[in-house]
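A short write-up of the structure that comes next.
The values are calculated or read from the model by the stated rules, or taken from the named source; none is laboratory data. Treat the numbers as computed from the prediction; the structure is a model and nothing was measured. Positions of Cβ are backbone-derived with ideal geometry, glycine not excepted, and every protein chain shown enters the neighbour counts. Accessible surface is based on the protein model in full, side chains and every heavy atom, while ligands, DNA and RNA are left aside. Shrake-Rupley method; radii C 1.70, N 1.55, O 1.52, S 1.80 Å.
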Amino acid sequence: MAADASAVARRTAARAALLGRVDLFSGLDRIARSKLAAYLDPVFLAAGQNACVQGEPGDSLYIVSEGALGVFLVSRDDTGVEEEIDVATLGEGQCFGEMALLTGEPRAATVRALTDAEALRLERGRFIELLRREPAIGLEINATLSRRLRDANTTITRDLHALEETVAHGLRALAPDTRELALRAALLERPHRAALEAVFGERAAEVEAALAELGLTAEGTRGEHPPSPVRRVLRDRLRREVEEREIERRATDAAERLVDAGLGNDALAVLEENAPRGAFLRALAGLLQRSGAGSEPAAGAEGAPAAARVDLSRWLARVTEDEAASDATLTLARATWLRRQEAPLEAHVAERHPRPDRVSARPATIATTGVAVGLVVAAALVGRQSPPAGFLLLLAAAMTLWATALLPEFSVALGLAAAWVMCGVATPAQAFGGYGSPSFVTVIAILGLAAATSSSGLLFRAGLVLVRRMPSELLGQALTFLATGLVLTPLLPSSTARSALVTPLALTAAQSQRLRDRSPEAALLGLAAYVGGGPLLFTFLNGSTTCLLVWGLLPEASRARFDYTTWLLAAAPLALLVAAGSLAALFLVLRPRAQAGRSASGVDLQLSVLGRISRVEVGMAVILVLTILGWNAAPTVGIHISVVAVAALFAAVAVRAFTRQTLSVLNWDFIVGYGVVLSLSSLTVSLGLSERGAAAIRAAVGEAGVDPTLAVLGLAVAHLLVRLLLPMDPSTLIMSLAFIPVAPVLRVDPWVVIVTLLATSAPWFFPAQLPGYQVAYDASEGRLFSHGQARAVCAAYYGVTLLALALCVPYWRLLGLVS
């Protein structure tokens, strides 16, 4: 067993070293090569087995990792007998099929194993997916391919000069009249026997023999493949010896003969290449009229007249809209052809990206705009006389636009702040005060640290290690990511920061397992990581700044009773019930496959390519540990966590993990909008909305009291409704100020009030509702889950949360928190 493991390790190390030597990947850094390695499949070939066959569709790149492979070309002699020619041998580190990645063209040769061999296969579909996910990798590979193509063109040019000398020598050996006919035959796209007979009549066999002596046969120029080098040399010589007008006359004459012989494709090819554009268009229109294809392009179909059998997909694709407009037949044929071409594409796009019905979407847009404008106008009328009323009207307008996603979220936030000032609700300093707050600086620093950690490769490495050691079953993987987020909660007192750190780990796991973007399996991993790092913040006293905020609102006796330990003991059953119920809800809502099919060997290769941990990774690891310690110690020594965050970001710059390029990838849309969100908290207090809300709730509840379970559930539902209108901190603050004073009437301890509010403080029904969710979505690059998937899971999550709150009431009664 140990020997087998050692052999596997040696093979993995050899493959990793090989990828570092492959010229095609020479421009990639170690992180990019490691990501690329996730898409490589080892293919084992027995001696004599084909890796690819000449003429088959090109769908993969291969890198020879062991053994030797031969490259063979198949040719035909004059009698049609095929002969296989050995043209090259490929050894370790050499590639074949590079152009198949970009073009999908048929294989130009057969590649066969000469010995038992192994190759690493990169399938074209996966390569395209990789380009979409990692554009930088595609740019580097394209640069290498371009360099190879340039070198190949230099070689071709050198060989072309030699070919010209050979052809010139062959032409001198021909009789003068035969030489003239051979040059004339170069006008044909493919000099097959039928075309030669149509143009040259009785002398067709003589011309065919002359062309064969020069190295030009019908097999050498098929259809739309690149023209034969020999034909190109003959055409260039013809153009040097004959005037352009004479070439056009000969081409027109040859085309007429080809049409009469029923060779429409050959005729159009001659005219397109050698005659004025108008002659080509007239000939195409004439062929369409003969076949009746002007009304329905069926030319080329069985039963069509021989003269009209043309490949419409080939020729109509080359006709521009302006050219088609010059002839009624071409216009109708091209329009019908375009409809046939677009129908499958439209069906495909509709399936992949369903759009709302335009008829119903337009009235909805008009209605939404009308409501928002009406609310703004009302706020402008009453804002100066009653700032609280103007504030609520403008907030309702913003929530309408946020909920319908009619405008970008950051633009709505900036518009809201501007409207506060214009309507007299707030001064500029109040409206834009959030941008000068420590919390705003903290968020920028947190996002910067997350970006620096990601660019250093530390998160990528941690994700690979986590994937390597976690269970292969999907349930185990989801549990691992949920637990990871939960364990980080007391260490990293910011749900936004946890989302930025944990979600990329789930993305790494999904990529290493080649899960499709936004598939049920990928969504399960991403949302499990998010739930563990975000909504479960209520588990710990320092799980979020919001927790510390409402803890400070507790009466002196309650605040003294709940330290870190007692808070955890009281909240643990609720956290466990919500976590377990969330996992069940994820499976019920998303319905993923039972198992994701993790490949340990693939992850091992990625880790081997990544190599030893770098100095930048070590530096970022130290910075993160010190940052977490600093955040937990900061309140004790009287330092705001924003100071710790900025110091950590400066340290990331010092170790060169945070650069100008890293700065450019931050989510500035979110950052711009977040500054306005922070201003909401201070405005709700300064406008007296908190006090008014508390008075209204006291009047509604009265002094009679209610059943504790019903009180907890009612409070939870009420907070969910408020969270549809207000951001997390303002809503939790307002509800805490309103309900903590009436906790005795609800027959619960004030701590039960705030933990209920915290448990329902993080809905993510739409992206603007919660910064942590938006950060998680951005950190996953939108690949793990869609907003629609997240919205469905959110609804299930809150059903689970309400049930868990009801089940915890007896436990809290045992602790003396419920009477």
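Just one of Ala419, Ala462, Ala452 is open to solvent by less than 10 Å² (accessible area, probe 1.4 Å) and touching a residue at least 40 places away in the same chain (Cβ under 8 Å); which is it?
The match here is Ala452.
Six or more apart or on different chains, Cβ atoms under 7 Å: show the pairs whose first residue is in region 203-217 and under 12 Å from Arg179 (Cα atoms) and whose second is open to solvent by 60 Å² or more (accessible area, probe 1.4 Å) and part of a helix (DSSP H, G or I).
Within 7 Å, the pairs are Glu208/Arg193.
With the condition kept exactly as written, say whether any residue in region 661-684 is under 30 Å from Arg747 (Cα atoms) and modelled with pLDDT under 75.
Yes.
Find the residue count for region 176-192, including only residues that are modelled with pLDDT of 80 or more and open to solvent by 50 Å² or more (accessible area, probe 1.4 Å).
Result for region 176-192: 5.
In region 53-83, how many are modelled with pLDDT under 80, hydroxyl-bearing (Ser, Thr, Tyr) and under 25 Å from the mean Cα position of the chain (by Cα)?
Number satisfying all stated conditions: 0.
Examine region 626-641 for a residue that is surrounded by fewer than 15 Cβ atoms within 10 Å (Cβ to Cβ), outside any loop (DSSP other than H, G, I, E, B), touching a helix residue (DSSP H, G or I) at 6+ places or on another chain (Cβ under 8 Å) and of a type in the set (A, V, I, L, M, F, W, C), and state whether such a residue exists.
Yes.
Kindly list the number of the only condition in (1) surrounded by 18 or more Cβ atoms within 10 Å (Cβ to Cβ); (2) in contact (Cβ under 8 Å) with a residue 12 or more places away in the chain; (3) touching a helix residue (DSSP H, G or I) at 6+ places or on another chain (Cβ under 6 Å) that fails for Leu770.
Looking at each condition in turn, Leu770 falls short on (3).
Going by what's in this entry, would Pro763 be described as on the phi < 0 side of the Ramachandran plot and open to solvent by 10 Å² or more (accessible area, probe 1.4 Å)?
Criteria not met by Pro763.
Tell me which strands (runs of 3 or more DSSP E) are completely within region 17-70 and hold 2 or more residues being over 17 Å from Val603 (Cβ atoms) and out of contact with any Phe, Trp or Tyr (no Cβ under 8 Å at 6 or more places or on another chain), or say none if there are none.
40-45, 60-66
Which residues, taken from region 243-278, are touching a residue at least 12 places away in the same chain (Cβ under 8 Å), open to solvent by 30 Å² or more (accessible area, probe 1.4 Å), farther than 19 Å from Leu196 by Cβ and not in a helix (DSSP H, G or I)?
Pro276
What tally of residues in region 454-486 results from selecting those that are of a type in the set (Val, Ile, Thr) and either in contact with a Cys (Cβ under 6 Å, 6 or more places away or on another chain) or at pLDDT 80 or above (or both)?
Qualifying residue count for the region: 2.
List the number of the failed condition for Val793; all other conditions in (1) open to solvent by less than 10 Å² (accessible area, probe 1.4 Å); (2) under 20 Å from Trp567 (Cα atoms); (3) at pLDDT 90 or above hold.
(2)
Touching a His at 6+ places or on another chain (Cβ under 6 Å), open to solvent by less than 10 Å² (accessible area, probe 1.4 Å) and more than 30 Å from Ser519 (Cα to Cα), is that true of Leu757?
Judged against the criteria, Leu757 is a match.
Residues in region 762-783: is at least one modelled with pLDDT of 90 or more and either in a helix (DSSP H, G or I) or within 22 Å of Ser682 (Cα to Cα) (or both)?
Checking region 762-783: not a single residue is modelled with pLDDT of 90 or more and either in a helix (DSSP H, G or I) or within 22 Å of Ser682 (Cα to Cα) (or both).
How many residues are under 20 Å from Leu114 (Cβ atoms) and either aromatic (Phe, Trp, Tyr) or modelled with pLDDT under 85 (or both) when one looks only at region 23-52?
Final tally of qualifying residues: 1.
Determine, yes or no, whether Ala38 is out of contact with any Cys (no Cβ under 8 Å at 6 or more places or on another chain) and loosely packed, with under 14 Cβ neighbours inside 10 Å.
No: the conditions fail for Ala38.
Can you pull out the helices (runs of 4 or more DSSP H) entirely within region 510-573 that have at least 1 residues that are open to solvent by less than 40 Å² (accessible area, probe 1.4 Å) and touching a Gly at 6+ places or on another chain (Cβ under 7 Å)?
Once the helices (runs of 4 or more DSSP H) in region 510-573 are filtered for at least 1 residues that are open to solvent by less than 40 Å² (accessible area, probe 1.4 Å) and touching a Gly at 6+ places or on another chain (Cβ under 7 Å), what remains is 520-533.
Under 8 Å by Cβ, and 6 or more places apart or on different chains, what pairs join a residue from region 700-711 that is among the hydroxyl-bearing types (Ser, Thr, Tyr) with one that is surrounded by fewer than 17 Cβ atoms within 10 Å (Cβ to Cβ) and at pLDDT 80 or above?
Pairs found: Thr709/Ala806.
Against the definition (modelled with pLDDT under 80 and either of a type in the set (Val, Ile, Thr) or over 19 Å from Arg498 (Cβ atoms) (or both)), how does Gly638 come out, yes or no?
Yes; evaluated as a whole, the condition is true for this residue.
Those residues that are more than 33 Å from the chain's Cα centre (by Cα) and not hydrophobic (A, V, I, L, M, F, W, C), I need them from region 514-545; list them, please.
Thr539, Asn542
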